[in-house]
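Report on the following structure.
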Amino acid sequence: MRVSGKSILVTGAGGGIGEGIARRLAAEGARVMVNDIDGAKALHVTTEINAGGGMASAFAADVTQSKEVKALVAETVKLHGRLDVVINNAGWTHRNRPALEVSEADFDKVYAINVKSIYLATIHATPVFRSQGGGSFINIASTAGLRPRPGLTWYNGSKGAVITTSKSLAAELGPDNIRVNCINPVFNPDTGLSAEFAGGPLNDERRAKFLASIPLGRFSTALDVANAALYLASDEAAFISGVCIEVDGARCV
């Protein structure tokens with residue numbers, strides 16, 4: 001049990017990568033707070049984790065709203081007695097299209113969910129970590145923040161911001177024994193956003209285009225990302241901070 005007894009909050013965990021992370025950490029002994037803006041989805045994941053012998057609770061919250069993030073953190077501490085790890089997984093993208101065709105509303109939504117959510121989690125969880133003598137943030141960024149490609153310009157920029165912010169926070173919060181790392185997954189066709197990334201339904205042509213850019217010859221899975229998160233959340237990574245782990249089959253080489 002690599003994270004036995006740890007209190008871990010995972011945002012956007014009602015499906016996709018977040019769900020995979022929550023399930024993997026629970027299987028390794030963590031007490032997981034499953035957050036999603038859709039409370040029914042969060043509850044479904046929680047119910048299945050608990051039925052399988054894990055420990056999980058659900059909390060619906062919009063990670064772009066300060067009051068809701070504050071309440072989410074407070075509820076996690078109330079239930080678990082502490083908070084060891086925050087995994088900022090909630091994310092969004094505009095549809096793959098030319099930069100000038102992305103609406104202002106879509107731009108605002110991308111930056112609110114991908115970047116402001118990390119600001120809010122930092123604001124509300126850092127005081128808890130400091131009071132406990134330490135903690136860990138794990139931010140889910142993307143290979144798009146390292147190797148941007150046309151069509152997802154504003155999304156790419158938001159993930160670049162996540163990467164730089166994570167490194168800066170690692171340096172700033174290190175003296176408080178707070179670690180900050182990020183994970184950069186490559187394209188995963190099983191997420192709810194796959195059609196947006198691809199610019200339309202994920203047909204054979206679009207799948208082949210993405211796959212051709214990955215040297216290991218397959219897409220990432222939720223389990224691939226969850227295993228990286230498990231390492232970063234564990235005591236095995238006690239001296240790891242300010243790094244990004246590319247879960248990308250050598251896509252960014």
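We did not get these values from a lab; they are worked out from the coordinates using the rules stated. Predicted model only: the values in this text are computed from it and were never measured. Here the Cβ is made from the backbone with ideal geometry for all residues, glycine too, and neighbour counts use every protein chain on show.
Just to confirm a number: summing +1 for Lys and Arg and -1 for Asp and Glu over residues other than V85 whose beta-carbon lies under 14 angstrom from that of V85, what do you get? Combined, the nearby Lys, Arg, Asp and Glu give +2.
Restricting to Cα pairs below 8 Å that are 6+ residues apart, what does the relative contact order work out to for the chain? Please round to a whole percent.
21 percent
With a Förster radius of 41 Å applied to the beta-carbon distance between A99 and A71, the computed FRET efficiency rounds to 0.70.
The H on the amide N of I245, modeled in the peptide plane, is under 5 Å from the matching H of C182, I183, N184, each at least 5 residues off or on a different chain. The label point for R207 and the one for A238, both projected 7 Å from the Cα toward the Cβ, are 4.5 nm apart.
In the chain, taking the dipole from charged Cβ atoms about the Cα centre, the farthest positive-side position among Y231, V32, G81 is held by Y231.
Amide H contacts under 5 Å for R179: G135, S136, F137, restricted to partners 5 or more places along the chain or on a different chain, H placed in the peptide plane at 1.01 Å from N. Between H94 and Y155, the built amide H atoms are under 5 Å apart, and every one of these is 5 or more places off in sequence or on another chain.
Find out how many positive minus negative residues lie around V45, taking Lys and Arg as positive, Asp and Glu as negative, among other residues whose Cβ is under 11 Å from that of V45. That works out to -2. Phi angles of the stretch 195-207 translate, via the Karplus equation with coefficients 6.51, -1.76, 1.60 and θ = phi - 60°, into HN-Hα couplings of 5, 5, 4, 7, x, x, x, 7, 7, 4, 5, 5, 4 Hz per residue; Gly and Pro are given as x. In straight-distance terms, cross-link reach from K159 covers every one of the lysines whose alpha-carbon lies under 22 Å from its own, apart from those fewer than eight places away in the same chain; here that gives K109, K116, K167, K209. With the simple spin-label model, which puts each label point 7 Å out from Cα in the Cβ direction, the R130 to D38 separation comes to 3.7 nm.
Each Lys or Arg adds one and each Asp or Glu subtracts one; over the other residues with Cβ under 12 Å from the Cβ of G242, this totals +1. For the chain, the Kirkwood radius over C-alpha pairs fed into Stokes-Einstein at 37 °C and 0.692 mPa s yields D = 182 µm² per second.
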